[in-house]
Structures are given as structure tokens and as C-alpha cells.
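Below you'll find the structure, written out as C-alpha cells, and then a few comments.
Taken together, the values in this text are just the output of simple stated rules run on the coordinates, not laboratory data. The structure presented is a predicted model; accordingly, all values stated were derived computationally and were not measured. Neighbour counts run over all protein chains shown; Cβ positions are idealised from the backbone, glycine included.
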Amino acid sequence: MLAPSVYLKGLEMLEKNMSSVLKSVSKPGRYVGGEYNSVKKNKDEVKCRFAFCFPDTYEIGMSNLGVRILYDVLNREKDIWCERVYAPWTDMREKMQEYSIPLTAQESGDAMKAFDMLAFSLQYEMCYTTALGMLRLAGLKLYASEREECDPVVIAGGPCVYNPEPFAEFFDLINVGEGEEVLVEICRLYIEMKENGSYTKSAFLRRASQIEGVYIPSLYEVEYNADGTIKEYKPKYPDTPKKIRKRIIEDMDKAPYPEKLVMPYIETVHDRIVLEVYRGCIRGCRFCQAGMVYRPIREKSPEVLCKQARCLFDNTGYDEISLISLSISDYSELPRLTDSLLEWTDEKRVSLSLPSLRIDSFSEELMQKVSSVRTGGITFAPEAGTQRLRDVINKNVTEEDLLRSVNIAYRGGKSNIKLYFMNGLPTETLEDIEGIAELAKRVVGQYFRMPKEERPKGVGVTVSVSCFVPKPHTPFQWEAQDSYEMLMNKQEHLKNAITDRRIRYTYHDAKVSVIEALLARGDRRLAPVLELLTNEGVTLEAWDENFDYDKWVSALDRAGVDMSFYTTRGFGLDEVLPWDIIDIGVTKAYLRRERDKAYEGKTTPSCAEQCSGCGANKLGGKNKWCR
Amino acid sequence: MVQVTPEKLFIRIKFRKTGRLQYISHLDLVRTMNKIVVRSGLPLWYTEGFNPKPKMVFAAPLSIGTESHFEFMDLRLTERVDTDLALERLNANMTDELVCTEAYYPESPFTALRWLKYEMELVTSGASEELAGKCNEALASEKMEILKKTKSGETVVDIKPLVHSATARFEDGKIKISAILSADPSSFLNPEYVVKLLRERCNVLSSSDLTSEHYSILRTEGYFFDMTLFR
């Protein structure tokens, strides 16, 4: 164990004794901070020191929109100072362990232990061990119950908290839903209790449990049935909420949005202006968790977006603006938005990009407006190979839609088409798998049907297939995942079915998807597994080179946890699900109806066409389509 | 859009890259400068083609781990601006570890930069007058051969012709080196090789504990062929 004094050396240490260490690791720019637009405050004027801890590398973390938004929101408060902490790459982590160097924040260079609150943004299942590894580097105990009174309050947020149970016992507080308002409320309560002398960690957590969107795992006891399923969640006190309803921002036009961005010196994955156009999704694809948990749909107006974009350009100098949302072409004001942006972006040499295009609303006009010239490729996501299966998952696109879009893309000079699919979907047969190969063949065929002089050079189609992971709060939440062998067989089958050399097939080892399903559907009994892996130094598993399936199998075995209970077992329709403690607005009855329709092969229209009564409208908000 | 300019108009920016910025690579510095000049609102000339960028040219790129008070960037403009105004606009968009110190319209090309001066400080065990003397011997020897890693493996290179002068002294408990090294693009000498030479010959910085010994390198000045100060 490190002596406490070691943790507080901060920036001074970085500048003096760290130089040889920094010269010995890859990309030292990750660790030095000092970025333009990063926020510095006077420690003496600050009453709550807050650190966003991103459980992945600097390059990934700096690109995260949620952190960018919340960093700005918290730093608007005069007496709160929000800083950033990222996970060190493995070479740096080894050096930190060897020389007892603590993990520090980018702004102050202070060690994590010096903070009042540490908030982890959990974006994907494979970051859980990284988050725990960061707690270790901070010199903190993993379990909330084992940490000291003076240790920081450790918070989790982000999309993974829609099933917080596998990691619940490591956190003092979990923020469910959108954090803009609730995080400030949490800090305000903390400051109030510190100032009037009523603060103890347990008293604070009790009071915080009364804030909507706050889940305090230690206030619940979980009981299990003899068959291993959950019997019930027992709140410890009468005023402890039975379910935690997620928080939403009601009016997106009035929601704070950063006017400045911290400018990384080193290249990050999405090194550009990101404009969040709306929250939610009208589509209701049955496998998609984001499409359910971000409901109801709340749009921003083009006027507000344009103002935000211009302000961000002036303060950053970026040459690209990415318009993002779950399905950008469903934005009701897209033409007006792109037209008003183009009024100044061309002159300033700023290009627009749209990362998610649906094939049923892709048009020539749209393609010309976005940064079509920068890359020769375009991506579409039919998700499944046959119409039957696309109806089961409620993707609501047809082969005609795809071929029409592909034609537009070819005519627009795009010769590389990337197609996203999933395998292992409920009801899937080998015929559906073969359908992927046939669809790809037809996409190539479209190219050769064009007159020779109109074709762009060198057609190439990439078929990228990921494995289906049944996700909480979706109509498929009860489904069993295909076994590893089945998933591999299907991947092999597709490989053999693709014979055209112009089609490139890429897929991931299904082992990662199996662990993702385990963590996505797990409960509190997985905590000892995560602890074991953290003890063994497992970290940064979102990077293929660091993921080791055998270590998981071994840890599960030692912890006495049966993986198949969470992955290949279909959950009972009447079973208490680990994530039933979380209320996302969308009702279980709706998810059940959608599941039944999936098995009947019936589709559900989008929110724009007809309300399907999902229940998210009860959350309120200035939403676009809800009744 | 084709821009017509009567001549290629460049403004020269002298800047410092110090402190934490020493860990930022040249490529990342270029990306950073790109955004700084855009934010500055100066009348930039953009490259043509599908991916227009402001035109910037840098002199003698620094390697990671070297600080500098003597960096130059030529920035192409579409019209002449007041040099004080340019300096002010750029510095308003920079941090205290990346600062512009001068702006002027250049009269000499970067290829005229022949030598660069470096001040190095070695915090090493055994630092003494005696060790400084040993370092001076190494720096004055007839041949200064070091192993250089190249694409085709390691080769022995004599860096002596690339060293204009180099001396060591013992000061403040450290070994301090002043060296003037070749800046010529075809025979540029990275100051790290001087440290490497001393490591191999004089047993400096030999501890396996990375936190007990360290060194810093600061580029301070540069010269024309006749040893007058480059500008």
C-alpha cells in the first residue's frame, strides 16, 4: 500500500520526477493535461471538487459527448470544480505501480483521493474492470462498504447504469438518466451538509436517495429464490424508493450546452465539434437499448443548434461538425438545419458529417450537403439478411430501400459501401445468415447495373457482423443469447456463403459478446468476479489485445458463478429481472407486447406515424411526437 | 474557389513550446496550431482541394522531450496584417506553455537555419566536477560514435561533424551541457544523441530507477551559416 502523502504530490511531481517516466511511455501527451479551454479554479474558492473518471484511454474519453456536456454544466457553478481523469495505458500503469505514482486529474494534477466526488462514466460493459482498476490506482478500496468516511463519494453514470447491478456494490451513488440537473443537485446537497455540519457519508446518501434519478445500492437488500432467480429488492428504510425513475431534461432548447471544448493536444477518436440534435429515437428497433432508454424524443430547434455550432466553431477552430443523435435522418427539421449551417460553414471551410444514416430516408440532396468528399465510403445498417428477420427486429427497412440508397451512393462517387449486420438474433435460422451474403451480392450487383461511365472506381462492399447481445429494457431482454459455439458456427457459415471477392467480411470473436451479455444481464452476484479480475490486473478490455476470455472463465469458476445462467438462459417472463429496480419510463407491458409481436413477425410503426403507447410520455418533457 | 494572390505572403511567428508541451509530438503540434490560427481570425490562405487547410510551414521540428524558446512557423495569409495585432490574436488563443514571442514578415528561408543551440541539465547520480570533466573529454574527442537505430537495423554513426561545439560543467548539483548542433535538414542532429553519447561513455543517467534521475533539454537559439542569430 502507498502512504497517503504519496497521493497528494500532484503537479509538482509530474513536472519534476515524472519526466523520465513520461519519456519512457507511449503517447506521453495523454497524461500531462494543460489543454486549451480546460477549466482552472482557485481551490480556496471551491466547495466541492468533482472528478469525471473515464474508464478508457484519454483519446476515447476526450471524445465522449456526455462528459463534455457535464464538465461544462458543473464548471458553470462557481463553487464546484469539475476535472477529468482517464485510465492510463498499460505501459503507464505498470510504471505507476512500480514507482507508486498516483492517478491524477488533468487540470490540477491532484490525486483522485483529494476529491470530494469521483464520477465514473460507464459507457460499455467492457469498461467495468477498467473503472475498478482506476479505483485501485487511486488507492481506494473497491467495495463502497469498505471505503473510509473521508474517502471521496464514488458515483457511476452513463448508459450502463440501466442495469447497475453487477457493479452496484462498488459505488456509493448511481445517477440514473440524464445528469445535467441531478449532478448539480447532488453537489448542492453535499455542500449544504458539509457547511451545516450534518455531513456523514451515510446521512448524505440517505438524503440523496430522495433525489429523483439517484440510486443508492447500499439501501437495498436483494433476496434470491432457490433456483437462483431474484426474489425481491428490499428497501432498507420506509422512505427509500422502490424503483428509481431515470431523470430527463425536459426542454432541450433550454438545456445547457458547452460553448467551449477542452482542446486535446493529441489526436482523439472524434476530434471535432459534436452537435447533439435530439435525444431519443422514434424507431423502436427491438434489439436496441438506446432506442428505449433515451425516450421520449426531445428535439432541439435549428435556431438553437445553429447558434451553438457557430459558438463552438469560434471557440475551437475545428473544421468539422458532426450532427449526432440516434438516427439523424429522422430529425424533423434536418433540411432547415443543414441549410442554415451551410450558410457559413462553406466559407469557413467547415464540413458537416452525419454518422448515422437510415437507408429509408437517405437522399441525394442529403449526401451532397454532408462531407461527402472526405471519404470514399458510406455505411448502412440493414441489421438482418432477410425481410422476415428485419420484421422480427422491427428494423422497418426493405431491400428496395437499401438498393436505392446504394445506387445514390454509387452515383455520388462512393465506391466503398459498409453494411452492418447482427447474428444470433432471436428466431434466426441459417437461411437468414445466407440472406446477408445474398444481400451483399445484390449491393455489388447494383454497381454493375450502372452504365460503365457513371460508375465510381473500384467497388468494394464490407459486411461487418456483430453478435446479438440481449440488452436490459428492450423487447428482447428476456431472450437467451446463442451459445458461443452457435455464434461461431453462424460466423463460419456466413464466411463460406460469401464467395464474391469484392465482398469483405469482418467479424469479432464472439467471446467478447458472451461476456458483454453476462455483464449486461448480470446481478450483484457478479461483483466478486469483477473483484477477482481487478485483483489480477485485468484492465482496458475494450481493447482486443487486453481481453482474455480464459481469465473470465477462471474467475467465474472460482467465484462459483454459472455463466450460462446469465447468457444462454432465457429469462422467465414473470421473473424479477436484475434491472427491474430501474424505471426508464417505457413500461414492461410495452416491452412484452413488442416481444410478442416479434415472434408473430409483426412490425410496429415509428412514433412519427403512430404512438405505440410505450409509456415514456409520463416522464414529461417538451417532446416531439408523444400524445 | 481559387484564391489569387500576387505573391506568396507569409508571416513568421516565433514561439516557445515549454513545460508539459514538450510531450506533444510535432504532428500534434501542427494539428494544434491549425486550430489556433483558425481561432485567431487572421486572414488565412487555405490550401486548395477537397480538404482545405491553412498553410503553415515549420522550421526544424522538435522531438518529444525537448523544450524550446526558439521555434518558428511561417503562416500564409491573404493580406498583410499588423504584426503586433497578429501576435495579440494568436496569443489570445494559446496557453502559457505555447506562446508566441515575435511576429514579422520574413526575409530568410528556413533552409538558412544552420545551427541550433541547446542547454541540457542532467540530474544524475555521481554528478561532480570530476564527472563534468569526463563529459567534456567525451564531448571533445576526435570521434563521437554512437549506435543509431535505422530502418535497416543499427549502424554506427560519427556525430562529430554535426557538433559545432559542446561543453559540460558542474553547477547546482547537476551536469549542465551547452551544445550547438547541426540544424541542416539533411544532417539534423537530435540533441538526444548527445545525451546518449554521455550515457554510453560517462556512465551518466545509468540508474534503472526512472524517478531518481532525469534530464531536460531546452533549445535556446539558432544561427545562420556565419553564426549570426537566425530570424
For this session: Calculate I(q)/I(0) for segment A:320-367 by the Debye formula, one identical point scatterer on each C-alpha and no solvent, and give its log10 at q = 0.27, 0.28, 0.32 Å⁻¹ to two decimals.
Result: -1.14, -1.20, -1.38
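Could you work out the mean count of beta carbons from other protein chains within 10 Å of each residue's beta carbon in A:19-29?
Values: counts 10, 11, 3, 7, 8, 1, 2, 0, 5, 7, 9.
Rounded to a whole number, the mean comes out at 6.
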For this session: Output ³J(HN,Hα) for segment A:215-220: one whole-Hz value per residue in order, computed from phi by the Karplus curve 6.51 cos²θ - 1.76 cosθ + 1.60 with θ = phi - 60°, and x for Gly and Pro.
Result: 10, 10, x, 6, 8, 10
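Expected output is a single nm value to one decimal: the length gained when fully extending between A:Ser329 and A:Lys551, i.e. 0.36 nm times separation in residues minus the C-alpha distance. What is it? The partial results should precede the final answer.
On the way: separation 222, 0.36 × 222 = 79.92 nm, distance 4.22 nm.
Taking 0.36 nm per residue and subtracting the Cα distance, the gain is 75.7 nm.
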For this session: Determine ³J(HN,Hα), in whole Hz, for all residues of segment B:11-25 in sequence, where each value follows from phi through the Karplus function 6.51 cos²θ - 1.76 cosθ + 1.60 and θ = phi - 60°; x replaces Gly and Pro.
Result: 10, 9, 10, 9, 9, 10, 10, 9, x, 5, 5, 5, 8, 9, 5
Seminar exercise, completed: Along segment B:223-231, Karplus-curve 3J(HN,Hα) (6.51, -1.76, 1.60; θ = phi - 60°) to the nearest Hz, with x for Gly and Pro, reads 9, 6, 3, 8, 6, 7, 5, 5, 8
Problem set entry | Within chain A, helix-based [θ] at 222 nm, where runs of 4 or more DSSP H residues each add -39,500 (n - 2.57), nearest 500 | -10000 deg cm²/dmol
For this session: Mind listing the long-range amide H neighbours of B:His214? Cut-off is under 5 Å, sequence gap 5 or more, other chains count too, H placed in the peptide plane at 1.01 Å from N.
Result: B:Val123
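Shielding of A:343-350 by partners, i.e. mean partner chain Cβ atoms within 10 Å per residue? Show your work: numbers first, answer last.
Details: counts 0, 0, 0, 1, 1, 2, 9, 1.
That works out to 2 on average.
Calculate for chain B the 222 nm mean residue ellipticity that helices alone would give, adding -39,500 (n - 2.57) per DSSP H run of length 4 or more and normalising by residue count, nearest 500 deg cm²/dmol. If you can, show how the numbers build up before the last one.
Values: 4 runs with 47 residues, N = 231.
Rounded to the nearest 500, it is -6500 deg cm²/dmol.
Taking a cut-off of 24 Å, what percent of all Cα-Cα pairs in segment A:509-601 are separated by more than that? All intermediate terms of the calculation are to be shown ahead of the outcome.
On the way: 1432 of 4278 pairs.
Across segment A:509-601, Cα pairs with separations above 24 Å total 33 percent.
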For this session: Mind putting a number on the dipole of segment A:357-485 about its Cα centre? Charges go on the C-beta only, +1 for Lys and Arg and -1 for Asp and Glu, and I need it in Debye to the nearest 20.
Result: 800
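What do you get for trypsin sites (Lys or Arg not before Pro) in segment A:443-540 restricted to DSSP loop and a cutoff of at most 10 other Cβ within 10 Å of the site's Cβ?
Values: sites: A:Arg449, A:Lys452, A:Lys457, A:Lys490, A:Lys495, A:Arg501, A:Arg502, A:Arg504, A:Lys511, A:Arg521, A:Arg524, A:Arg525; in loops: A:Lys457, A:Arg501, A:Arg502, A:Arg521.
Sites meeting the loop and neighbour criteria: A:Lys457, A:Arg501.
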Exercise. Under a point-charge model restricted to the Cβ atoms of Lys and Arg (+1) and Asp and Glu (-1), what is the dipole moment magnitude of chain B relative to its Cα centre, in debye to the nearest 20?
Worked result: 660
Exercise. At B:Thr167 and A:Tyr99, where each label point lies 7 Å from the Cα along Cα→Cβ, what is the point-to-point distance in nanometres?
Worked result: 3.2
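Would you mind calculating the gained length between A:Lys622 and A:Asp314 on full extension (0.36 nm times residue separation, minus the Cα-Cα distance), in nm to one decimal? Mind dumping the intermediate values first?
Details: separation 308, 0.36 × 308 = 110.88 nm, distance 2.94 nm.
Taking A:Lys622 through A:Asp314 to full extension adds about 107.9 nm, to one decimal.
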Problem set entry | Local electrostatic count at A:Arg147 - Lys and Arg +1, Asp and Glu -1, tallied over other residues with Cβ under 15 Å | -4
Problem set entry | For chain A, with +1 on Lys and Arg beta carbons and -1 on Asp and Glu, the positive-most of A:Met96, A:Ser24, A:Tyr505 along the dipole | A:Tyr505
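In Å³ and rounded to a whole number, note down the convex hull volume per residue for the Cα atoms of chain B. All intermediate terms of the calculation are to be shown ahead of the outcome.
Numbers: hull volume 35.9 nm³, N = 231.
Once divided by residue count, the hull of chain B is 156 Å³.
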For this session: With a cut-off of 14 Å, note down the residues of segment A:454-472 whose backbone N falls inside the zone around a label point 7 Å from the Cα of A:Lys418 toward its beta carbon.
Result: A:460-466
Seminar exercise, completed: The answer for A:Tyr86, listing residues at least 5 apart or on another chain whose modeled amide H is closer than 5 Å to its amide H, is A:Phe54
Exercise. Dividing the convex hull volume of the alpha carbon atoms of segment B:112-223 by its residue count, what do you get in Å³ per residue?
Worked result: 106
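Counting Lys and Arg as +1 and Asp and Glu as -1, what is the net charge of the other residues whose Cβ lies under 9 Å from the Cβ of A:Gln106?
For residues surrounding A:Gln106, the net value is -2.
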Seminar exercise, completed: Shielding of B:19-29 by other chains, given as the mean Cβ count within 10 Å, works out to 6
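Computed over the Cα atoms of chain A, what is the convex hull's projected area averaged over all directions, in nm²?
On the way: hull surface 113.0 nm².
For chain A, the mean projected area of the Cα convex hull comes to 28.3 nm².
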For this session: Would you work out which of A:Ile60, A:Pro238, A:Ala105 lies farthest towards the positive end of the dipole of chain A, given +1 charges on the beta-carbon of Lys and Arg and -1 on that of Asp and Glu, about the Cα centre?
Result: A:Ile60
For this session: Mind putting a number on the dipole of segment A:31-146 about its Cα centre? Charges go on the C-beta only, +1 for Lys and Arg and -1 for Asp and Glu, and I need it in Debye to the nearest 20.
Result: 220
Seminar exercise, completed: Between B:Leu229 and B:Ser186, the two model label points (7 Å from Cα along the beta-carbon direction) sit apart by a distance in nm of 3.0
Exercise. Hey, which lysines would be in cross-link range of A:Lys246, C-alpha to C-alpha under 24 Å, not counting anything within fewer than 8 residues on its own chain?
Worked result: A:Lys201, A:Lys231, A:Lys234, A:Lys236, A:Lys254, A:Lys300, A:Lys471, A:Lys588, A:Lys618, A:Lys622, A:Lys624
Exercise. Separation between the A:Asp509 and B:Glu145 pseudo-spin-labels, each 7 Å from Cα along Cα→Cβ, expressed in nm?
Worked result: 4.7
